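Student: Pasting a structure here, questions to come.
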């Protein structure tokens, strides 16, 4: 990653995505705790809207760098890197979170038993946010194998991804549980699309186009319209997680998600252009560490505020949860660097996870 150069947009995009992730997890935690959110429906509507593109954005950004990473590393080192920087923290932090939930069963929303450790292997959706890391590792490895070993080009991989994506929607409609395979099928297409646009985005000759206000303005109306449609359709066909459009209208969801990804990426290029909102850039650089640790932090924040201080004001809990969920994991990572226990986050050597190289887990 080139600091202060065209590549800083990646961290801005990840910074936006990680904030949206925390918003949903904090809000859902507040609801699961039994607090009344009916008086704050605009917050619920925002929760639904953010659900339309935040996870596809992570996979698209990851796919943008897969070709360069494979060319630089080769297939075996590529897979090894993903195991050390994605799979390893997935198991470490997943195990830690389940353990704390068992110990603190009287305080947290999740009710765990020792059998839940097995979920990490075959049903990661059963372990809160951690499904994403397992899915990213599996998608990255599967895509790399198809690209290198099977020799599939972008169009062939995209066709495969579309077939898998549509099949995952059908499986979701019928509520068929196929474990972690569903996430591979669902997000392979987004990773492929990232790979397809990667060369254009990485080419410095196209930087003026990507940082153009005209592009951002051109995308704002489709972005607003598709988000509004996503909100209204999900409210009209209310499901537990407001995922009706995603699984019952998969092609429309694909368009909605990609439009959201395009607009956020355009915004990220604008932030890069003017070197502003550096705090957001820093959050993006540390997004892996935020992702693995934030649920434990925000749960502790909510428990302390509600049970010990009697604070039940939903906006206050939401703001406090997001703030602490962003800040505490970053501080924990910085302490791990200072006191040499970075093994808590990665098996890569210290120099490979220095600031200029952080977050390679999202670069293909």
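The values are calculated or read from the model by the stated rules, or taken from the named source; none is laboratory data. Just so we're clear, the structure is a prediction, and the values are computed from it rather than from any experiment. As a convention, Cβ positions derive from the backbone with ideal geometry for all residues, glycine included, and neighbour counts pool all protein chains shown.
Student: Residue under question is residue 182, and the condition is that it be at pLDDT 95 or above, part of a helix (DSSP H, G or I) and closer than 30 Å to residue 152 by Cα; does it hold?
Tutor: yes
Student: Under the condition of being without any contact (Cβ under 8 Å) to a residue 40 or more places away in the chain and buried (at least 18 other Cβ atoms within 10 Å of the Cβ), which residue from the range 8-46 is nearest to residue 265 (Cα to Cα)?
Tutor: Applying the filter and picking the extreme gives 20.
Student: On the given criteria, is residue 188 buried (at least 20 other Cβ atoms within 10 Å of the Cβ) and either more than 11 Å from residue 64 (Cβ to Cβ) or touching a strand residue (DSSP E or B) at 6+ places or on another chain (Cβ under 6 Å) (or both)?
Tutor: So residue 188 passes the test.
Student: Further, regarding this structure: Determine if the range 47-55 includes at least one residue that is over 21 Å from residue 232 (Cα atoms) and assigned to a helix (DSSP H, G or I).
Tutor: The answer is no; no qualifying residue exists.
Student: Here's something else I'd like to know. Taking the range 86-126, which residues are within 28 Å of residue 308 (Cβ to Cβ) and assigned to a helix (DSSP H, G or I)?
Tutor: 93, 94, 95, 96, 97, 98, 99, 100, 101, 102, 103, 116
Student: Right, another one. Condition first: free of Cβ contacts under 8 Å to residues at least 12 places away in the same chain, more than 15 Å from residue 108 (Cβ to Cβ) and not in a loop (DSSP other than H, G, I, E, B). Now tell me which residues in the range 302-321 satisfy that.
Tutor: 316, 319
Student: Out of the residues in the range 169-181 that are touching a residue at least 24 places away in the same chain (Cβ under 8 Å) and crowded, with 17+ Cβ neighbours inside 10 Å, state the one that is farthest from residue 68 (Cα to Cα).
Tutor: 172
Student: Here's another thing I want to ask about it. Among the residues of the range 149-156, are any more than 22 Å from residue 79 (Cα to Cα) and out of contact with any strand residue (DSSP E or B) (no Cβ under 6 Å at 6 or more places or on another chain)?
Tutor: yes
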